[in-house]
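Novice: Below you will find the structure I want to go over with you.
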Amino acid sequence: MTKLDKRGNPVSYHSQAAIEALDHAGDMLAAYQADTLGAIDAVIAEHPDFALAHAMRAGALATATDKAFEDEALKSQKAAETLAPKANEREQLYIAGGRAWLGGDLERGVELWGRASMLYPRDLTALQLAHAGDFFLGYSHMLRDRVARVLPKWNRNVPGYGFVHGMYAFGLEESGDYAAAEMHGREAFGLNKQDGWAAHAVAHVMEMQGRGKDGVDFLEATSAGWEPGSGFAYHLWWHKALFHLDMNDVKAALKLFDEKISAGGFGQALELIDGSAMLWRLHVLGHDVGKRWDDLVEKWESRIDHGYYVFNDVNAMMAFAATGNVTAQDRLIAAVKRAAGAQGTNAMMSREVGLPAVEGFAAFGRGEYAKAIEHLSPIRAKANRYGGSHAQRDMFSWTLTEAAIRAGDRALADAFVAERLSWKPESPVNRAWAARAAKLNGKQAA
Ligand SMILES: [Fe+2]
């Protein structure tokens with residue numbers, strides 16, 4: 001008789017105990033727990049012929065979007081492929097998704113994980129892998145709609161219901177439906193205080209609405225739930241630092257960088273991204289961040305030639321540009337050009353967004369502000385093609401605004417400032433930019 005997991009999905013493996021242990025690892029994955037991999041490894045150690053466990057491990061590692069984890073991901077993928085002939089349809093889709101993603105076709109990978117989610121709507125991990133894929137591909141609306149496809153099949157009695165609502169909340173936020181996003185996010189977090197992704201959705205709403213004080217208060221009030229054991233807490237602390245920064249509290253932002261954002265030692269690209277993205281914002285505003293770039297520069301340097309996921313490369317460039325590391329800048333630009341000429345999803349991302357972005361940030365670092373604008377302005381409209389969230393891609397608007405002011409270009413400065421004020425009129429950072437723009441001489445917009 002076919003074995004089922006705790007949500008009723010068919011599993012080809014014979015041991016119910018192994019299936020239950022993998023269910024638990026899946027819940028840990030959904031809660032972004034730091035030792036999820038350890039939990040999957042424990043299942044595999046006892047059950048080395050469990051195809052789904054290998055496929056889940058491959059998917060979890062693949063969606064870390066860091067070449068440093070590629071060898072391990074490929075090892076799991078290979079083990080899953082060997083066991084594939086015995087796997088059922090659902091597991092075959094996991095394996096095919098991992099094969100496509102790790103082969104460089106991220107779009108196909110998401111499609112296959114998403115197909116598993118549609119055919120087995122109570123498969124939490126398939127949905128999560130596809131959701132993560134949508135995030136890394138910048139598929140803002142699919143972050144919402146892929147979850148909407150399966151939501152009717154869930155209810156409070158199905159374990160993990162809160163996680164699905166948390167994902168839906170983030171998708172609503174990235175689609176601009178802030179009121180519904182906050183409602184679903186708060187509901188999901190209310191169901192499961194460990195659900196950092198749900199809290200994250202609420203934080204994003206507050207970020208997009210310029211509700212700095214609300215954001216600080218919300219994250220402080222909820223951290224006892226989402227922080228313990230989390231492998232994602234650094235990112236929620238990064239959001240809190242963003243709120244402080246937007247309220248001009250640089251000291252609080254730096255304190256969070258020192259105590260929380262850097263706490264994991266920048267061991268993975270996703271942490272490095274947050275480190276760079278915080279320090280770059282401070283750098284652009286002219287704040288001295290001391291030696292905080294040093295660790296990031298060293299770790300990004302070891303990844304320069306990867307050509308793996310250009311979102312990482314752009315954040316690496318921030319570290320190289322801010323520290324005037326011309327050698328690393330040149331090497332990185334050459335690597336992104338090579339990636340742009342290769343095959344696969346990252347090549348498209350590198351061509352469309354990555355290359356102008358790294359060249360724009362390098363120009364800003366050299367003080368060539370007009371040139372920075374020439375590179376960065378055209379990608380504002382299509383930056384979603386290289387993945388991430390609206391809050392992360394705000395980096396382009398942030399840098400363009402400062403560049404226009406430093407270039408003394410009154411018309412462009414007024415326009416970029418007006419754009420920022422349109423969605424965050426109370427932001428002290430935006431108001432400071434407005435005041436500086438207003439003092440510029442030169443041609444105003446007609
Ligand atoms: Fe975020």
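Rundown of residues vs (1) surrounded by fewer than 24 Cβ atoms within 10 Å (Cβ to Cβ); (2) in contact (Cβ under 8 Å) with a residue 60 or more places away in the chain, yes/no style:
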position	(1), (2)
P85	yes, no
G104	yes, yes
Q128	no, yes
F135	yes, yes
M142	yes, no
P152	yes, no
A181	no, no
R186	yes, no
F189	no, no
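Novice: Any chance the range 24-41 includes a residue that's surrounded by fewer than 24 Cβ atoms within 10 Å (Cβ to Cβ), under 24 Å from M1 (Cβ atoms) and free of Cβ contacts under 8 Å to residues at least 40 places away in the same chain?
Specialist: Checked the range 24-41: at least one residue is surrounded by fewer than 24 Cβ atoms within 10 Å (Cβ to Cβ), under 24 Å from M1 (Cβ atoms) and free of Cβ contacts under 8 Å to residues at least 40 places away in the same chain.
Novice: Let me ask something additional. Checking the conditions here, which among G267, G229 is of a type in the set (G, A, S) and at pLDDT 95 or above?
Specialist: Numbers: G267 fails: at pLDDT 95 or above.
Exactly one of G267, G229 is of a type in the set (G, A, S) and at pLDDT 95 or above, namely G229.
Novice: Take P85 and tell me if it is over 23 Å from the mean Cα position of the chain (by Cα) and under 21 Å from W197 (Cβ atoms). Let's see the steps before the verdict.
Specialist: Values: over 23 Å from the mean Cα position of the chain (by Cα): yes; under 21 Å from W197 (Cβ atoms): no.
Judged against the criteria, P85 is not a match.
Novice: Inspect the range 364-384 for any residue being part of a helix (DSSP H, G or I), of a type in the set (D, E, K, R) and touching a residue at least 40 places away in the same chain (Cβ under 8 Å) and give the result as yes or no. Even if it seems obvious, please write down each step before you answer.
Specialist: If we filter the range 364-384 for residues that are part of a helix (DSSP H, G or I), which is where we start, we get 364-365, 369-379, 383-384.
Keeping just the survivors that are of a type in the set (D, E, K, R) gives 371, 374.
When the remaining residues are screened for being touching a residue at least 40 places away in the same chain (Cβ under 8 Å), the result is none.
There is no residue in the range 364-384 that is part of a helix (DSSP H, G or I), of a type in the set (D, E, K, R) and touching a residue at least 40 places away in the same chain (Cβ under 8 Å).
Novice: Of the numbered conditions (1) more than 16 Å from the ligand (Cβ to nearest atom); (2) within 27 Å of M208 (Cα to Cα); (3) buried (at least 21 other Cβ atoms within 10 Å of the Cβ), W300 satisfies every one except a single condition; which is it?
Specialist: Among (1) more than 16 Å from the ligand (Cβ to nearest atom); (2) within 27 Å of M208 (Cα to Cα); (3) buried (at least 21 other Cβ atoms within 10 Å of the Cβ), the lone unmet condition for W300 is (2).
Novice: Which members of the range 232-248 meet the condition of being away from the ligand (no atom under 14 Å from the Cβ), assigned to a loop (DSSP other than H, G, I, E, B) and in contact with a Gly (Cβ under 9 Å, 6 or more places away or on another chain)?
Specialist: Residue satisfying the conditions is M247 alone.
Novice: Another question about this same structure. Which condition number does R436 fail, the rest of (1) more than 30 Å from T345 (Cα to Cα); (2) basic (K, R); (3) within 16 Å of the ligand (Cβ to nearest atom) being met?
Specialist: Going through (1) more than 30 Å from T345 (Cα to Cα); (2) basic (K, R); (3) within 16 Å of the ligand (Cβ to nearest atom) one by one, R436 breaks only (3).
Novice: Of all residues in the range 94-128, how many are of a type in the set (A, V, I, L, M) and more than 14 Å from R57 (Cα to Cα)? Break it down into steps so the answer makes sense when it comes.
Specialist: We begin by selecting, within the range 94-128, every residue of a type in the set (A, V, I, L, M); these are 95-96, 100, 102, 106, 110, 112, 116, 118-119, 124, 126-127.
Filter once more, so that each one left must be more than 14 Å from R57 (Cα to Cα): 100, 106, 110, 112, 116, 118-119, 124, 127.
Final tally of qualifying residues: 9.
Novice: Residues in the range 7-14: is at least one in a helix (DSSP H, G or I) and either in contact with a Cys (Cβ under 9 Å, 6 or more places away or on another chain) or not aromatic (F, W, Y) (or both)? It would help to see each step written out before you state the result.
Specialist: Pass one, the range 7-14, residues in a helix (DSSP H, G or I): none.
No, the conditions are met nowhere in the range 7-14.
Novice: Another question, if that's okay. Which of the residues belonging to the range 377-395 are among the aliphatic types (A, V, I, L, M), within 13 Å of the ligand (Cβ to nearest atom) and surrounded by fewer than 20 Cβ atoms within 10 Å (Cβ to Cβ)? Please lay out each step first, then the result.
Specialist: Kept after step one, since they are among the aliphatic types (A, V, I, L, M), are these residues of the range 377-395: 379, 381, 383, 391, 395.
Now narrow it down to the ones that are within 13 Å of the ligand (Cβ to nearest atom): 391, 395.
Selection gives A391 alone.
Novice: Additional query: Just checking, does the range 342-350 include any residue being over 22 Å from the mean Cα position of the chain (by Cα), among the aliphatic types (A, V, I, L, M) and assigned to a helix (DSSP H, G or I)? Even if it seems obvious, please write down each step before you answer.
Specialist: Going through the range 342-350, the residues over 22 Å from the mean Cα position of the chain (by Cα) turn out to be 342-343.
Among the residues that remain, those that are also among the aliphatic types (A, V, I, L, M) are: 342.
Remaining after also requiring assigned to a helix (DSSP H, G or I): none.
No, the range 342-350 has no match at all.
Novice: Looking at the range 349-360, which of its residues are closer than 22 Å to L102 by Cβ and in contact with an Asp or Glu (Cβ under 9 Å, 6 or more places away or on another chain)?
Specialist: S350, G354
Novice: Next question, about the same structure. Picking from E419, E402, which residue would you name as being farther than 19 Å from A241 by Cα, in contact (Cβ under 8 Å) with a residue 60 or more places away in the chain and more than 16 Å from the ligand (Cβ to nearest atom)? So that I can check it myself, show each step before the final result.
Specialist: Details: E419 fails: in contact (Cβ under 8 Å) with a residue 60 or more places away in the chain.
Within the list E419, E402, the selection yields E402.
Novice: Name every residue in the range 49-76 that is surrounded by fewer than 24 Cβ atoms within 10 Å (Cβ to Cβ) and over 23 Å from S302 (Cα atoms), in order of residue number.
Specialist: Of everything in the range 49-76, just one residue is surrounded by fewer than 24 Cβ atoms within 10 Å (Cβ to Cβ) and over 23 Å from S302 (Cα atoms), namely D49.
Novice: For the range 63-84: of the residues being among the aliphatic types (A, V, I, L, M) and part of a helix (DSSP H, G or I), which is nearest to G133 (Cα to Cα)?
Specialist: Pass one, the range 63-84, residues among the aliphatic types (A, V, I, L, M): 64, 68, 73-74, 79-80, 83-84.
Subset that is part of a helix (DSSP H, G or I): 68, 73-74, 79-80, 83-84.
Details: A68: 18, A73: 15, L74: 17, A79: 22, A80: 20, L83: 24, A84: 22 Å.
Taking the candidates together, the pick is A73.
The values are calculated or read from the model by the stated rules, or taken from the named source; none is laboratory data. Since this is a predicted model, take the numbers as computed values, not measurements. Cβ atoms come from the backbone with ideal geometry, glycine included; neighbour counts cover every protein chain shown.
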